[in-house]
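The values are calculated or read from the model by the stated rules, or taken from the named source; none is laboratory data. Quick caveat, the model's predicted, so the values are computed rather than measured. Virtual Cβ from ideal backbone geometry, glycine too; neighbours counted across all protein chains shown.
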Amino acid sequence: MCPACILTIGGGLLVAKKLGVNYVLAIGLITIVFSFILDKFLRKMNDGKVFFPYQKIVIPLILLLIAFVVAKFLL
């Protein structure tokens, strides 16, 4: 990711903390946005076609599962 994206995500987590939003929820929202970007990137690499069936569903589920496991053990 670009430095501006990293600063935006960090700022978003700071605002979420000030508003009392749980980190897991904020990380989940960031993961959903990242999965959308990853899906678009994979489609662009493959000339607008998906790499595997149900790619738009599988990518967010896998990333959310990874984020949940990391948040569970680190936070």
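Listed values, structure above:
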item: Residue satisfying condition, being surrounded by fewer than 12 Cβ atoms within 10 Å (Cβ to Cβ), at pLDDT below 85 and under 13 Å from the mean Cα position of the chain (by Cα), within set 14, 29, 61, 25; result: 25
item: Residues being aromatic (Phe, Trp, Tyr) and touching a helix residue (DSSP H, G or I) at 6+ places or on another chain (Cβ under 8 Å) - total across the stretch 25-41; result: 2
